[in-house]
Amino acid sequence: MEKIKIQYLNDQVERLRYIDGKSDWIDLRAAEEVTLKKGEFALIHLGVAMKLPEGYEAHIVPRSSTFKNFGLIQTNHMGVIDESYCGPNDWWRMPVYALRDTKIHVNDRICQFRLMRHQPEICFEEEALTGEDRGGFGSTGKN
């Protein structure tokens, strides 16, 4: 089991935990009250800073209910935090764009993360491909 050093913004931020039996993603919560008007951008404070294990990165994505509940989209679609972002002021945040007026409260679950190993070093070898074509971009599932 990997151990991760974590620092919380304050005692109001709910502590991170797995939701037993549901997923290996871990929910992240807003650490501040945020009010946004349609069309506004914000960096929502997630209330945590961590020292990830060497060779790992965190992938941060919205929860499936984030758009439905808050009308927010994550502007970078998936955030990546590597193990070098580990100082006492390297707070995790979620960049969002509001598609409607919305209010986020402290401890609202707005995104989730999981740890992934870094991609191994790869080398590209240029040559003509000989595999069977699948039919072009977006062709899967067409009759």
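Annotations for the structure displayed:
- Taken per residue, the accessible surface of region 2-59 reaches 62 Å², heavy atoms only and a 1.4 Å probe.
- What the phi angles of region 84-99 give under the Karplus curve with 6.51, -1.76 and 1.60, with θ = phi - 60°, is a coupling list of 7, 8, 9, x, x, 10, 8, 6, 6, 9, 10, x, 10, 10, 8, 9 Hz, glycine and proline written as x.
- Along region 2-13 the Karplus relation, 6.51 cos²θ - 1.76 cosθ + 1.60 evaluated at θ = phi - 60°, assigns HN-Hα couplings of 6, 10, 10, 6, 9, 10, 9, 4, 6, 6, 6, 6 Hz to successive residues, with x for each Gly and Pro.
- Rounded percent of accessible protein surface that carbon and sulfur make up, the chain, 1.4 Å probe: 51 percent
- For region 84-143: accessible area per residue (Å², 1.4 Å): 84 Å²
- Here GLU40 sits with roughly 80 square angstrom of accessible surface, probe radius 1.4 Å.
- Relative contact order of the chain, taken over Cα pairs closer than 8 Å and 6 or more residues apart, is 31 percent.
- Helix-only CD estimate at 222 nm, as mean residue ellipticity for the chain, using -39500 (n - 2.57) per DSSP H run (n ≥ 4): -500 deg cm²/dmol
- Spin-label pair LYS103-PHE124: with each label point 7 Å from Cα along the Cα-Cβ axis, the two points sit 5.0 nm from one another.
- Among SER84, SER23, SER65, the sequence by solvent-accessible area, most first, with a 1.4 Å probe is SER84, SER23, SER65.
- Here the convex hull built on the C-alpha positions of the chain has a volume of 199 cubic angstrom per residue.
The values are calculated or read from the model by the stated rules, or taken from the named source; none is laboratory data. Just so we're clear, the structure is a prediction, and the values are computed from it rather than from any experiment. When we count neighbours, we look across all protein chains shown, and the Cβ atoms used for this are built from the backbone with ideal geometry, even at glycine. What goes into the accessible areas is simple: the full protein's heavy atoms, side chains included, and nothing from ligands, DNA or RNA. Shrake-Rupley method; radii C 1.70, N 1.55, O 1.52, S 1.80 Å.
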